[in-house]
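The values are calculated or read from the model by the stated rules, or taken from the named source; none is laboratory data. Everything numeric in this text was worked out from a predicted model, so none of it was measured. So basically every Cβ, Gly included, is an ideal-geometry build from the backbone, and we count neighbours across all protein chains shown. Each accessible area value is taken on the protein alone, full model and side chains, heavy atoms only, with ligands, DNA and RNA left out. Shrake-Rupley method; radii C 1.70, N 1.55, O 1.52, S 1.80 Å.
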Amino acid sequence: MITSTIYYVCSMIARTITQNLHADCDNKKAVVVVGPRQVGKTTLIQKLVEGKTTLFLNGDDPQTRLQLANANLQFLLQLVMDYDTIVVDEAQRIANIGLTIKLLVDAKLNKQFILSGSSSLDLGNKINEPLTGRKWEHQLFPLSWNEIKSHYTFAVAFARLEEFLIYGMYPEVVTHTNKQKILLQLSGSYLYQDILELANIKKPDLLMKLLHALAMQLGSEVSYNELSKILGVDRMTVINYIDLLEKVYVVFRLHPFSSNQRNEITAKPKIYFYDNGIRNAIVGQFSPLQSRLDVGALFENFFISEKMKQLNYQGFYGKTHYWRNSQQAEIDFIERIEDEISAYEIKYNPNKKVKFTKSFTEKYHPKHTFVVHKDNFWSYLQ
């Protein structure tokens, strides 16, 4: 029997993107690491720069923001001259940071610039545009199945599946016992700080109501019109708020796979959470699986979010979708690279019979069809 003491003995869990980060630290381009708060970006970067003379600048610090906003090149050169590596943490909170780093990269100082951000770089600042052609960008998510498996062994990770479905895979949640407390703190305004401060959100209560509505519709098609009626706001406000939630890596949309045929639904996306624990904290539900009615939705969210992490880390350049027609025939998850299609049906119960509908297979001729369940999911995350 695997004891709980094994569960929580944790050195730093190795992250999949580490090797690529090392390769991109060539002193020629800036390295950018983005992802939600508390997924380990700062810890990863600290490990990356061990042994180097490093200047750490924190965008959460008001004085740092004041010093770097609109700083001239002469000041910047003096600031960085004694360091091999310059790290700017929470860079999205510093005005004009993209232009600042552009000036330093273009000066060809043979120094490595590393930026981290807890939101997409176009939220509140114009970072991407000034750094076009001058950066390598990486995304870091909550811990992945493969990272946890590699750290704890397959046997330990597999035994913790129910825990991951309920509490998710944020690093601090995985490695500590008081999971509910950590998740409730994370799922409060802290996780959405960038939206509230940088996107000039005038209705923070509306944001939380929208998150609750999305959490309750997990794994279902989402109607912007229905959400607008429930929340009492116009349709574009709903769309804009969901877009912001995507930019801080709380949720992501899975759009329908469609052709021009009339019987396919093309308008409604499905919305998933990057982390099961955040979703469950939003709805206030941490009950064991045997007493829940949403086990299927939790497992579907877990597997699809794991696929999104895996594909991102592997440099996947195709598209991901779900499919449903007007007769309600459905495929849960689709990977498409050019004309090659892989289709996944996702069912928690391994004994549930699954048959891929002919209306999909005969029309699209998928190269692969997979039935994923709790006993074999890991084989599709290799």
Set the bar at 19 Å for Cα to Cα. Now go through LYS149/LYS309; LYS52/LYS111; LYS203/LYS229; LYS149/LYS307; LYS268/LYS374 and name every pair that lies beyond it. LYS268/LYS374
Would you mind telling me which residue in LEU165, LEU48, LEU214 has the biggest mean-square fluctuation in a Gaussian network model of the chain, where springs connect alpha carbons within a distance under 10 angstrom? LEU48
With T = 37 °C, eta = 0.692 mPa s and Kirkwood Rh from C-alpha pairs, the Stokes-Einstein D of the stretch 271-312 in µm²/s is about 303
Connecting every pair of Cα atoms under 10 Å apart in the chain and solving the GNM, the largest mean-square fluctuation among LEU231, LEU115, LEU245 falls on LEU231
For the stretch 111-203, with equal point scatterers placed on the C-alpha atoms only and solvent neglected, what are the log10 I(q)/I(0) values from the Debye formula at q = 0.13, 0.26 1/Å, to two decimals? -0.66, -1.28
Taking only Cα atoms of the stretch 14-158, the Rg to Rh ratio with Kirkwood Rh works out at 1.00
Once all protein chains are kept in place, SER379 shows an accessible area at probe 1.4 Å, nearest 10 Å², of 50
Write down the Å³ per residue value for the convex hull defined by the alpha carbon atoms of the stretch 131-253. 152
Fluctuation leader among SER223, SER187, SER291 - the chain, Gaussian network, Cα springs under 10 angstrom: SER291
With no solvent and one point on each alpha carbon, what is the Debye value of log10 I(q)/I(0) for the stretch 164-222 at q = 0.18 Å⁻¹? -0.80
Probe 1.4 Å - accessible area at ASP234, Å² to nearest ten: 90
Reciprocal of mean inverse Cα separation for the stretch 179-317 (Kirkwood radius, Å): 16.1
Counting only DSSP beta bridges with both residues in the chain, tell me the antiparallel percent, nearest 5. 40
If the cut-off is a Cα-Cα distance under 14 Å, which aspartates and glutamates reach LYS355, setting aside same-chain residues fewer than 8 apart in sequence? GLU330, ASP332, GLU345
Ordering LEU244, LEU44, LEU196 by the accessible surface of their heavy atoms, 1.4 Å probe, largest first, yields LEU196, LEU244, LEU44
Report the per residue volume, in Å³, of the convex hull enclosing the C-alpha atoms of the chain. 157
Which translational diffusion coefficient, to the nearest whole µm²/s, is obtained for the stretch 50-110 from the Stokes-Einstein equation, given a Kirkwood hydrodynamic radius over C-alpha pairs, 20 °C and 1.002 mPa s? 181
At q = 0.11, 0.17, 0.18, 0.19 Å⁻¹, what log₁₀ I(q)/I(0) does the stretch 300-382 have when each alpha carbon counts as one equal point scatterer in the Debye sum? -0.29, -0.70, -0.78, -0.87
Kindly sort GLU163, GLU137 by accessible area of their heavy atoms, largest first, with the probe set to 1.4 Å. GLU137, GLU163
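Quick one: net charge of THR85's neighbours, Cβ under 14 Å, K/R +1, D/E -1?
For residues surrounding THR85, the net value is -1.
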Using a 1.4 angstrom probe on the protein heavy atoms only, could you order THR16, THR175 from most to least accessible area? THR16, THR175
Quick check on the stretch 235-382: of the DSSP beta bridges with both residues there, what percent are antiparallel, nearest 5%? 70
For the stretch 324-367, the Cα gyration tensor yields equivalent-ellipsoid semi-axes (√(5λ), largest first, whole Å) of 19, 14, 9
Spelling it out for LYS111: with amide H atoms placed in the peptide plane at 1.01 Å from N, the residues 5 or more places away or on another chain with amide H under 5 Å from its amide H are none
Can you give me the solvent accessible area of GLU147 with a 1.4 Å probe, rounded to the nearest 10 Å²? 10
Can you tell me the dipole magnitude for the chain around its Cα centre, using point charges on the Cβ only (Lys, Arg +1; Asp, Glu -1), in Debye to the nearest 20? 480
